[in-house]
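A short write-up of the structure that comes next.
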Amino acid sequence: MYIGIDDTDSVKGMCTTYLATEIIREFSELDLIGNPRLLRLNPNVPWKTRGNGAVSIRFGKGTGKPKIIGQIDGKDIKCYETGTGAKPTKEHFKRACQLVDKLAYFDDEKTNPGLILTAKKPSQKLYWQAVRQIVEKKPHLKTANPKFHKGWKNGRGLIGSISATAWRPRDYTHELIAYREENKWGKPRKIDTASVQKMDKAITSTFNNYDYEEKHMAIMPSSPCPILFGIRGDAEKDLHKARDMIESEKKARWLIYQTNQGTDDHIISGSVSNLEPFTSVKVLGKVASIPKMIAGGHLIFQLSNGKKAVDCTIYEPAKNFRRIGEQLLPGDIITVQGGVREEPFTINVEKLYIEKLASITEKTANPMCKKCKKRMKSVGKNQGYRCSCGAKAKESQAEFSKIKRELKIGWHEPPVGSRRHLAKPLKRA
Ligand code: ATP
C-alpha cells in the first residue's frame with residue numbers, strides 16, 4: 001500500500017513530512033517497505049507554499065533484515081528493503097483521512113490537501129511531468145486511478161500525492177529530518193552553530209549544511225514548522241553520525257527520507273529559441289550584453305544563440321553568486337541552468353557553466369611617436385592620433401593588452417543557503 005500526501009502545511013505552521021511521521025505512527029501494525037520518500041516537484045509552480053514537497057510512504061509485510069530509519073517518541077522506526085504490499089482498505093483510508101483532518105492547516109488559502117492510497121504504483125511519467133512541467137489534477141488522477149483518494153478544498157494536493165508515489169529513483173539522496181517537541185513550535189530554535197560546522201567538515205557525504213559565506217545554518221528552517229533540522233547526504237548510514245554530532249534542543253522524533261533533492265531531476269535540455277515558462281532548463285549561448293545590476297540587487301545579462309536572446313537574472317538572494325555573473329563579458333560562451341519565469345520573462349539562474357571566455361583587449365596607451373618618443377594625442381573618437389610634430393597614427397596603432405579574466409572554466413553555483421532543493425550541488429557532481 002502506497003500512501004501519498006501533499007499540501008497540508010502553510011507558512012504559518014505544520015509540515016507535510018510531520019504528517020508523514022504521524023501516518024507511520026498510526027499504521028504501526030504494518031511494516032514500512034523502503035524509506036519514506038520526500039519528493040520535491042516543479043520549483044516554478046506559482047501556488048507552492050515553500051519548497052513544493054510531497055511525501056510517499058509504502059506499507060506492507062517486510063522480508064529480510066530491517067534497518068532503523070527513525071525514532072518517534074522514543075520508539076525505533078524500522079523499514080525493510082523488500083516486502084509484499086498491503087492492500088488498502090476503507091478502514092486504512094478512513095484513518096489516514098482523520099489524520100489529515102486533524103493536522104492540516106485548512107485556514108490558509110494556499111493549503112489544498114490531497115491524499116491517495118493505492119496498491120499499484122502509478123506510472124513514473126506522472127512523476128517526471130510533475131517535476132518538470134505544470135500539470136493538471138484531473139488527467140493525473142485519471143492516469144493514476146488510485147484505489148482511494150481525497151482532495152480537500154480545491155484538492156490540488158492530489159497532484160503531489162500521486163506524483164510522489166509514482167517516483168522510481170534515477171538518482172537519489174537522503175535527508176534526516178529531526179522534529180521539535182510540540183511546545184517549542186513557533187519559538188526560536190536552539191542549535192549550536194559550531195557543532196553544525198564540525199559535522200559539515202567531518203561528514204563529507206552530507207551537503208548544504210552550513211553557508212560559510214553568509215554565516216547561515218542551512219540545516220535549520222526559519223519557518224514556525226515542527227522541523228528542528230534536516231541533514232542531506234549521499235550515504236544514509238553517515239546521517240546517523242551526522243545527527244549525533246549536532247548539539248541542539250531535544251529532538252522529539254527523527255526520520256530518514258529517501259529524496260530527489262540535489263539530483264537536478266527538474267532540468268530539461270533546452271534552447272534559447274524555445275523556452276517555456278514554469279519549466280527549468282539548461283541552455284547554451286553566448287553572453288550578449290554587459291551584466292547590469294538593477295534595483296533590488298538583481299543582476300541581469302542577455303544570453304543569445306545567434307537567433308534569439310533571452311534575459312538571464314541572478315536574483316539578490318543568490319548573494320555572492322552575483323559576483324560570478326558580474327564578471328561575464330559579451331562573447332563568453334556559457335551554459336545557464338534555471339527556471340523560466342513568465343513575468344518578467346527571464347531565466348532565473350541557479351547554476352552556470354563557463355565553457356569559453358571571450359578574448360577581449362582594451363586600449364592601454366596612445367601610439368608612441370617614433371621621432372619624438374612621446375605619446376600622440378587623440379584627434380577625436382575613431383579619428384586616429386596625431387603628434388605635435390605632425391606625425392599621424394591609426395586607431396589600431398594604439399597599444400592594446402588582453403583583459404585578464406579571473407573567471408574559472410567550469411561550473412559555478414550559489415552559496416549553500418541560496419540553492420534550490422532540487423539543484424544538484426557541485427559537491428555531488
Ligand atoms: P513544502 O511541503 O515543502 O512546504 P510546499 O508547501 O511548498 O511544500 P505545497 O504546499 O505542497 O508546496 O504546494 C504545492 C502544490 O502544488 C500542491 O498542491 C501540489 O500538489 C501542487 N503541485 C506540485 N507540482 C505541481 C505541478 N508540476 N503542476 C501543478 N501543481 C503542482
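Loop-located GluC sites (Glu not before Pro) across the range 30-130 with a Cβ neighbour count of 12 or fewer within 10 Å are Glu109, with loop assigned by DSSP. Each Lys and Arg adds +1 at its Cβ and each Asp and Glu adds -1 at its Cβ; summed about the Cα centre, the chain shows a dipole of about 1700 debye.
Computed over protein heavy atoms with a 1.4 Å probe, the carbon and sulfur contribution to the accessible area of the chain reaches 50%. Accessible area per residue was computed with a 1.4 Å probe on protein heavy atoms; Tyr385 scores about 10 Å².
Sorting Phe93, Phe229, Phe345 by accessible area puts them as Phe345, Phe93, Phe229; the probe is 1.4 Å, largest comes first, and only protein heavy atoms count.
Rounded to the nearest 500, the 222 nm mean residue ellipticity of the chain from helices alone is -5000 deg cm²/dmol, with -39,500 (n - 2.57) taken per DSSP H run of at least 4 residues.
Accessible-area rank, largest first, for Arg386, Arg170, Arg341: Arg170, Arg386, Arg341, with all protein chains present and a 1.4 angstrom probe.
Annotation: amide H-H contacts under 5 Å for Ala398 (H modelled 1.01 Å from N, sequence separation of 5 or more, or interchain): none.
Over the Cα atoms of the chain, the radius of gyration divided by the Kirkwood radius equals 1.12; this is the Rg/Rh ratio. Glu29 contributes about 110 Å² of solvent-accessible surface, heavy atoms of the protein only, 1.4 Å probe. If R0 is 35 Å, the Cβ-Cβ spacing of Lys125 and Ile290 corresponds to a FRET efficiency of close to 0.25.
If r is the Cβ-Cβ distance from Asn320 to Ser273 and R0 is 25 Å, what FRET efficiency results, to the nearest 0.05?
Numbers: r = 31 Å, r/R0 = 1.25.
Step by step, r from the Cβ atoms, then E = 0.20.
Evaluated at q = 0.19 Å⁻¹, the base-10 log of the normalised Debye intensity for the range 2-166, with identical point scatterers placed on the Cα atoms, takes the values -1.21. Sorting His149, His266, His240 on solvent-accessible area from highest to lowest, probe radius 1.4 Å, gives His149, His240, His266. Distance between the pseudo-spin-label points of Ile68 and Lys142 (7 Å out from Cα toward the beta carbon): 4.9 nm.
Solvent-accessible surface (1.4 Å probe) assigned to Lys408 amounts to roughly 140 Å².
The values are calculated or read from the model by the stated rules, or taken from the named source; none is laboratory data. Fair warning: this is a prediction, and the values are worked out from it, not measured in the lab. Cβ sites come from the backbone with ideal geometry, for glycine too, and all protein chains shown count toward neighbours. Keep in mind that these areas ignore ligands, DNA and RNA; they rest on the heavy atoms of the full protein, side chains included. Shrake-Rupley method; radii C 1.70, N 1.55, O 1.52, S 1.80 Å.
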